[in-house]
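Enquirer: Structure provided below as structure tokens; questions to follow.
The values are calculated or read from the model by the stated rules, or taken from the named source; none is laboratory data. On a predicted model such as this, the values are computed, not experimentally measured, just so you know. Glycine also receives a Cβ, built like all others from the backbone with ideal geometry; neighbour counts cover every protein chain displayed.
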Amino acid sequence: MAKGGAGKLRLKVLGVGSSMNKDSFSTETLKIVLGMVNQNNADTKLLNLNNTPLPIYNHKESTEMINVNQAVELVNWADAIILATPDYHGSMSGSLKNFLDYFWSEFAGKTFGYICASHEKGLTVMDQMRTVIRQCYGWSLPYGISINSSQDFNEKREITNERLLERLNYIARDLVVYGGLIHEQFKKDLESTINNSYAVRYR
Ligand SMILES: Cc1cc2nc3c(=O)[nH]c(=O)nc-3n(C[C@H](O)[C@H](O)[C@H](O)COP(=O)(O)O)c2cc1C
């Protein structure tokens, strides 16, 4: 975490947008949530895979690529991460899965929040993102944000669903608060000499 005002530590939150649609509702919602995260005294950055595409993961060759290096740098910078995806066939976008394939131990000790644009709540999508993150020893917030572009937005692409706006505020606040607690504890465990935590394997 970076130092904030009055010696307070500021959480660093990365948002990853993964729709290939330049007018994406999931990426737009992600940007709104990142703004709310800022209001909770955290720093934010955005990795939009639409304008920073990653080559299909290949463990031998891809690490030389400039966009890959940028993604690696951003993930290493982040203390917590928000993943945003459209619902494609009940699953996450291929670009998001490909992004996730590049990482593993980097996700340990980080808390993840999820946003999905879907016409069907995107519950299976959310589950699949959680599965990947659990497999990499990341932590997940217990709820995600599902948006329905035709019901939650007006023609000017403004959110009209008050309940959704409330949930966006929840996730921004909870990610900063709970993500900060997990991050701090993980850092302490890494730096300590205790030997009875999963953090031991990341020293
Ligand atoms: C290939 C493809 C598959 C899709 N599959 C589903 C689906 O299974 N369920 C659903 O509710 N919407 C599905 N959709 C619709 C998108 O999830 C929906 O339009 C969403 O708002 C797109 O998000 P975006 O605006 O962030 O790109 C699909 C769209 C595409 C292009």
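Enquirer: Given the criteria surrounded by 13 or more Cβ atoms within 10 Å (Cβ to Cβ), outside any loop (DSSP other than H, G, I, E, B) and of a type in the set (Gly, Ala, Ser), does Ser150 qualify?
Expert: no
Enquirer: Can you pull out the residues in region 79-124 that are assigned to a loop (DSSP other than H, G, I, E, B), among the aliphatic types (A, V, I, L, M) and either more than 14 Å from the ligand (Cβ to nearest atom) or out of contact with any helix residue (DSSP H, G or I) (no Cβ under 8 Å at 6 or more places or on another chain) (or both)?
Expert: The answer is Ala108, and nothing else.
Enquirer: Could I ask something else about it? Evaluate the following for Asn50: is it modelled with pLDDT of 95 or more, out of contact with any His (no Cβ under 6 Å at 6 or more places or on another chain), assigned to a loop (DSSP other than H, G, I, E, B) and over 28 Å from Asp189 (Cα atoms)?
Expert: yes
Enquirer: What pairs come up if the first residue lies in region 124-149 and is among the aromatic types (Phe, Trp, Tyr), the second is at pLDDT 95 or above, and their beta carbons are under 6 Å apart, counting only those six or more places apart or on different chains?
Expert: What qualifies is Tyr137/Ala108; Trp139/Thr111; Trp139/Ile182.
Enquirer: Does Arg130 satisfy being out of contact with any Cys (no Cβ under 6 Å at 6 or more places or on another chain) and not in a loop (DSSP other than H, G, I, E, B)?
Expert: Yes; evaluated as a whole, the condition is true for this residue.
Enquirer: Please work out which one of (1) closer than 25 Å to Tyr170 by Cβ; (2) outside any helix (DSSP H, G or I); (3) in contact (Cβ under 8 Å) with a residue 40 or more places away in the chain is the condition Tyr57 fails and give its number.
Expert: Evaluating Tyr57 over (1) closer than 25 Å to Tyr170 by Cβ; (2) outside any helix (DSSP H, G or I); (3) in contact (Cβ under 8 Å) with a residue 40 or more places away in the chain leaves (1) as the failure.
Enquirer: Could you tell me how many of the residues in region 72-123 are over 24 Å from Lys187 (Cβ atoms) and surrounded by fewer than 16 Cβ atoms within 10 Å (Cβ to Cβ)?
Expert: Number satisfying all stated conditions: 8.
Enquirer: Continuing with this model, one more query. Looking only at region 93-103, filter to residues that are more than 15 Å from Ser140 (Cα to Cα) and free of Cβ contacts under 8 Å to residues at least 40 places away in the same chain; which one of those is farthest from the chain's Cα centre (by Cα)?
Expert: By that ranking, first place goes to Gly94.
Enquirer: Can I ask one more? Sort out which residues of region 163-203 are among the basic types (Lys, Arg) and assigned to a loop (DSSP other than H, G, I, E, B), and write them in order of number.
Expert: Arg203, the sole residue that qualifies.
Enquirer: From the set of residues in region 1-45 that are among the basic types (Lys, Arg) and either buried (at least 22 other Cβ atoms within 10 Å of the Cβ) or at pLDDT 95 or above (or both), which is nearest to the ligand (Cβ to nearest atom)?
Expert: Lys31
Enquirer: Let me ask something additional. For Gly144, are the conditions met, namely being crowded, with 16+ Cβ neighbours inside 10 Å, at pLDDT 95 or above, over 20 Å from Ser19 (Cβ atoms) and under 14 Å from the mean Cα position of the chain (by Cα)?
Expert: So Gly144 fails the test.
Enquirer: Considering only region 83-126, state which residues are acidic (Asp, Glu) and farther than 24 Å from Ile56 by Cβ. Talk me through it step by step, then tell me what you get.
Expert: First pass over region 83-126, keeping only residues acidic (Asp, Glu): 87, 101, 106, 120.
Within region 83-126, just Glu120 meets the criteria.
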